[in-house]
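The values are calculated or read from the model by the stated rules, or taken from the named source; none is laboratory data. In this text, all values refer to a predicted model and were calculated from it rather than measured experimentally. Using ideal geometry, Cβ is built from the backbone for each residue, glycine included, and neighbour counts are taken over all protein chains shown. The accessibility values were calculated without ligands, DNA or RNA, using every heavy atom of the protein model including side chains. Shrake-Rupley method; radii C 1.70, N 1.55, O 1.52, S 1.80 Å.
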Amino acid sequence: MCELLAMSANVPTDICFSFSGLMQRGGNTGPHKDGWGITFYEGKGCRNFKDPLPSAKSPIAQLVTNYPIKSESVICHIRQANSGKISLENTHPFTRNMWGKYWTYAHNGQLKNHRENLPVKYHIPVGETDSEHAFCWILDQIHITFGENEPDEITLFSFIAEKAAFIDTLGVCNLIISNGECLFAYCSNTLHWITRRAPFGQASLIDAEVVVDFYQETQDNDIVTIIATQPLTGDETWQKMLAGQWHLFKFGESITEG
């Protein structure tokens with residue numbers, strides 16, 4: 001299956017260290033060679049980089065690795081295709097606009113009979129994947145339920161959690177979704193996270209010979225949470241989410257869970 005990577009931080013932070021490890025799994029240390037993408041939020045805007053090439057061989061991925069874009073919210077995905085051809089339109093993350101905000105979504109897993117069980121009306125998929133279809137269904141359900149009145153973040157993302165749990169009944173549904181302010185992660189079977197805060201130390205990537213001393217790169221009040229399908233470092237303690245568990249992160253902290 002695909003692999004996910006996301007970040008929530010309380011200060012603009014680059015994700016170069018984690019991304020340089022993940023990209024190796026896209027055709028080098030892992031089989032996820034059917035494209036990759038990453039979305040960085042910056043204020044109300046976002047930067048999207050996508051490529052149907054394997055991330056381990058993508059010049060665009062190399063650019064992202066070497067370009068320290070700083071963001072408080074990031075979503076990344078490397079793809080092992082099982083629904084839809086290898087193409088740019090089928091490459092995660094998917095981004096749509098709602099309530100004047102960019103919403104970004106990435107999914108790991110495969111869903112059965114998704115078109116019959118997740119009918120869409122207002123948000124029509126561009127590509128062929130079950131993942132984008134599920135994203136459009138979630139947005140439709142939000143639109144139908146709340147209309148033009150955006151609810152508070154706890155109400156909204158608790159609602160999204162209910163919809164994620166329903167999608168999970170159709171197969172495997174590890175997903176990450178963000179509106180640029182909050183970052184929501186739902187675990188179907190495999191998802192890990194780690195929150196780094198002072199006192200910061202060193203960490204070593206599993207998939208590349210890269211070591212970073214976070215003490216040299218951070219301030220004492222920095223809080224950075226990384227979410228990934230599988231742990232990216234071998235010398236830190238990652239938290240494994242349980243099946244059906246979800247977390248809502250904001251500024252690096254888990255503000256609610258279920």
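Looking only at the stretch 85-92, decide whether some residue is in a helix (DSSP H, G or I), under 17 Å from the mean Cα position of the chain (by Cα) and of a type in the set (V, I, T).
no
Is it the case that some residue within the stretch 64-83 is within 16 Å of S8 (Cα to Cα), out of contact with any Phe, Trp or Tyr (no Cβ under 7 Å at 6 or more places or on another chain) and outside any loop (DSSP other than H, G, I, E, B)?
yes
What are the residues in the stretch 11-45 that are at pLDDT 80 or above and closer than 17 Å to L88 by Cβ, if any?
Passing the criteria: D34, G35, W36, G37, I38, T39.
Is it the case, given these coordinates, that G252 is surrounded by 15 or more Cβ atoms within 10 Å (Cβ to Cβ), modelled with pLDDT of 90 or more, in contact with a Phe, Trp or Tyr (Cβ under 7 Å, 6 or more places away or on another chain) and within 20 Å of S18 (Cα to Cα)?
no
So, restricting to strands (runs of 3 or more DSSP E) that lie completely within the stretch 119-203, which ones have at least 3 residues that are open to solvent by 10 Å² or more (accessible area, probe 1.4 Å)?
Here the list reads 192-197.
Being part of a loop (DSSP other than H, G, I, E, B) and of a type outside the set (A, V, I, L, M) is the filter; apply it to the stretch 95-118 and report the residue that is least open to solvent (accessible area, probe 1.4 Å).
The selected residue is G109.
From the set of residues in the stretch 224-244 that are surrounded by 17 or more Cβ atoms within 10 Å (Cβ to Cβ) and in a strand (DSSP E or B), which is farthest from the chain's Cα centre (by Cα)?
Applying the filter and picking the extreme gives T233.
Among L191, L170, L183, which is in contact with a Leu (Cβ under 8 Å, 6 or more places away or on another chain) and closer than 14 Å to S8 by Cα?
Within the list L191, L170, L183, the selection yields L183.
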